[in-house]
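Engineer: Handing you a structure now.
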Amino acid sequence: MADLLQQGVDWLDGQRVAHLSRSVTYQRGGESVEIAATLGATSLEVSDEAGATVRTRAADFIVSAGSLVLGGAAVMPLAGDRILVPSGGKTLVFEVLALPGGEHFRPADPTGTALRIHAKQVDEEDA
């Protein structure tokens with residue numbers, strides 16, 4: 001019997017890619033791949049050196065785990081990787097970063113078919 005949960009997750013991921021995503025470029029060093037990503041955000045609270053709590057947001061990119069292929073091999077996100085997002089004649093540059101606690105990505109569904117990658121905008125370039 002087929003795994004109905006996995007079939008449902010695969011269908012939902014296909015719907016996300018088809019209707020809720022945009023094309024971005026995922027880069028690591030000199031290698032890159034164009035993938036479909038759904039943009040999101042994670043809110044978090046961070047304590048500064050003085051002990052004050054600061055609220056901030058990290059940009060999130062929800063991607064199909066199977067789409068992250070660099071140099072012919074499937075990869076998992078690494079802190080420091082870059083995500084390039086075209087936006088109104090410019091390219092927004094995001095860097096994958098670890099949130100407090102050390103996690104820079106996590107599964108976006110129960111089976112890990114999609115990943116939620118945490119990033120911060122670090123640059124903006126003319127397209």
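The values are calculated or read from the model by the stated rules, or taken from the named source; none is laboratory data. Model, not experiment: these values are computed from the prediction. Please note: Cβ atoms are built from the backbone with ideal geometry, for glycine as well, and neighbour counts cover all protein chains shown.
Engineer: Looking at Ala119 and the list (1) assigned to a strand (DSSP E or B); (2) of a type in the set (Gly, Ala, Ser); (3) free of Cβ contacts under 8 Å to residues at least 40 places away in the same chain, which single condition is not satisfied?
Structural biologist: So the condition that Ala119 fails would be (3).
Engineer: Has region 107-114 got at least one residue that is in a strand (DSSP E or B), modelled with pLDDT under 95 and touching a strand residue (DSSP E or B) at 6+ places or on another chain (Cβ under 6 Å)?
Structural biologist: Yes, the conditions are met somewhere in region 107-114.
Engineer: Are any of the residues in region 84-93 surrounded by fewer than 19 Cβ atoms within 10 Å (Cβ to Cβ), touching a residue at least 24 places away in the same chain (Cβ under 8 Å) and of a type in the set (Lys, Arg)?
Structural biologist: yes
Engineer: Got at least one residue in region 19-32 being exposed (fewer than 10 other Cβ atoms within 10 Å of the Cβ), farther than 22 Å from Ala98 by Cα and either polar (S, T, N, Q) or over 14 Å from the mean Cα position of the chain (by Cα) (or both)?
Structural biologist: The answer is yes, given that some residue of region 19-32 is exposed (fewer than 10 other Cβ atoms within 10 Å of the Cβ), farther than 22 Å from Ala98 by Cα and either polar (S, T, N, Q) or over 14 Å from the mean Cα position of the chain (by Cα) (or both).
Engineer: Would you confirm, using the coordinates I've provided, whether Leu12 is under 18 Å from the mean Cα position of the chain (by Cα), without any contact (Cβ under 8 Å) to a residue 40 or more places away in the chain and on the phi < 0 side of the Ramachandran plot?
Structural biologist: Details: under 18 Å from the mean Cα position of the chain (by Cα): yes; without any contact (Cβ under 8 Å) to a residue 40 or more places away in the chain: no; on the phi < 0 side of the Ramachandran plot: yes.
Spelling it out, it is not the case that Leu12 is under 18 Å from the mean Cα position of the chain (by Cα), without any contact (Cβ under 8 Å) to a residue 40 or more places away in the chain and on the phi < 0 side of the Ramachandran plot.
Engineer: Quick check on region 50-69. Is at least one of its residues modelled with pLDDT of 95 or more and among the acidic types (Asp, Glu)?
Structural biologist: yes
Engineer: Among all residue pairs at least 6 apart or on different chains, which show Cβ distances below 6 Å where the first residue, located in region 23-34, is over 12 Å from Leu84 (Cβ atoms) and the second is of a type in the set (Gly, Ala, Ser)?
Structural biologist: Taking only residues 6 or more apart or on different chains, the pairs are Glu31/Gly71.
Engineer: Take the residues in region 111-127 that are under 12 Å from Thr42 (Cβ atoms) and not small (Gly, Ala, Ser); name whichever of them is farthest from the chain's Cα centre (by Cα).
Structural biologist: Residue satisfying both the conditions and the ranking: Lys120.
Engineer: Given (1) touching a His at 6+ places or on another chain (Cβ under 8 Å); (2) closer than 17 Å to Ala114 by Cα, identify the lone condition not met by Ala58.
Structural biologist: (2)
Engineer: Moving on. Can you name every residue in region 40-56 that is hydrophobic (A, V, I, L, M, F, W, C) and exposed (fewer than 12 other Cβ atoms within 10 Å of the Cβ)? First the steps, then the outcome.
Structural biologist: At the first step, the residues of region 40-56 found to be hydrophobic (A, V, I, L, M, F, W, C) are 41, 44, 46, 50, 52, 54.
Once the filter is applied, which keeps residues that are hydrophobic (A, V, I, L, M, F, W, C) and exposed (fewer than 12 other Cβ atoms within 10 Å of the Cβ), region 40-56 yields Ala41, Val46, Ala50, Ala52, Val54.
Engineer: From the list Ala59, Ala37, Ala108, pick out the single residue that is touching a residue at least 12 places away in the same chain (Cβ under 8 Å), over 30 Å from Asp126 (Cα atoms), surrounded by 17 or more Cβ atoms within 10 Å (Cβ to Cβ) and under 13 Å from the mean Cα position of the chain (by Cα).
Structural biologist: Details: Ala59 fails: over 30 Å from Asp126 (Cα atoms); Ala37 fails: over 30 Å from Asp126 (Cα atoms).
Criteria check complete, one pass: Ala108.
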